[in-house]
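Have a look at the structure below before the remarks.
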Amino acid sequence: MSGDILAFDIGKSLKVATIPIVILIAIGIFSSVIGAIPVLNMLLCLVGIPLAIVGWVVTAWAGYKAVKEAQMDLVGGAITGGLTALVAGIVNGVVSFVLSMLGVGVGVASGGDVGGAAIGAGFSAVFIVVGIVVGTIVGLVLGAIGAFVAGMKK
C-alpha cells in the first residue's frame, strides 16, 4: 500500500513541478548553446552565477508549490525539488553532451586530435552523471527549504 502512495505522490510532484522543470531546461539549453559558441562562451562568465541562482530559486519554488498547490508536506516538497532537478538535469545533460559532441566533431574535422576528443567525451559523460546526482541532492535540499517556507506562511 505504501508503494501506491509513493507513486501517487511522485505523480503529483511531477505535475506540480512541470513549470519549474521547463524553466530549468530553458536555462540549461540557453547556457549550453552559449557555451558551445566560441565567440559567446565568455558571456557565461557574466551570466553563469545569476543563472545558477535563478535555477536554485526555481527549484526551491517547486517545493514551495508542492505545499501550496498540492497540499504536500515537507517530504513531498523535498521530493518535488529533487524530481525537478533530476528531470531537468537529465534533459540538460543530454543536450549538453550532444552539443559537446558536435563541437568535438567540428574540432576533429578541422584537424584536431581524435584521442584528446575521445578522452574529453568520456570525462564529459562521467561529469554529467555526477552533476545529475549532485544536482538531485541539491534539489532535495532546496525543495525542502521551499516547502518549509511555504509551511511557515500557512
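The values are calculated or read from the model by the stated rules, or taken from the named source; none is laboratory data. Note that the structure is a prediction, hence the values are computed from the model and not measured. Cβ sites come from the backbone with ideal geometry, for glycine too, and all protein chains shown count toward neighbours. Accessible surface is based on the protein model in full, side chains and every heavy atom, while ligands, DNA and RNA are left aside. Shrake-Rupley method; radii C 1.70, N 1.55, O 1.52, S 1.80 Å.
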Just give me the residues in segment 1-32 being open to solvent by less than 60 Å² (accessible area, probe 1.4 Å), at pLDDT below 90 and either part of a loop (DSSP other than H, G, I, E, B) or over 20 Å from Thr84 (Cα atoms) (or both), in sequence order.
Gly3
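How many residues does segment 38-84 contain that are aliphatic (A, V, I, L, M) and open to solvent by 60 Å² or more (accessible area, probe 1.4 Å)? Steps first, answer last, please.
Looking only at segment 38-84, we keep the residues that are aliphatic (A, V, I, L, M), and these are 39-40, 42-44, 46-47, 49, 51-54, 57-58, 60, 62, 66-67, 70, 72, 74-75, 78-79, 83.
Those still in the list that are open to solvent by 60 Å² or more (accessible area, probe 1.4 Å) too: 39-40, 42-43, 46, 49, 53-54, 57, 74-75.
Residues flagged as aliphatic (A, V, I, L, M) and open to solvent by 60 Å² or more (accessible area, probe 1.4 Å) within segment 38-84 amount to 11.
Kindly provide the set of residues from segment 87-103 that are of a type in the set (S, T, N, Q) and within 17 Å of Pro20 (Cβ to Cβ), ordered by number. Outline the logic, then answer.
Let us first name the residues in segment 87-103 that are of a type in the set (S, T, N, Q), namely 92, 96, 100.
Answer for segment 87-103, where residues must be of a type in the set (S, T, N, Q) and within 17 Å of Pro20 (Cβ to Cβ): just Asn92.
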Set Leu40, Leu51, Leu14, Leu44: member being farther than 30 Å from Met152 by Cβ and in contact (Cβ under 8 Å) with a residue 12 or more places away in the chain
Leu44
Return the total of residues in segment 97-154 being modelled with pLDDT under 70, open to solvent by less than 40 Å² (accessible area, probe 1.4 Å) and of a type in the set (A, V, I, L, M, F, W, C).
1
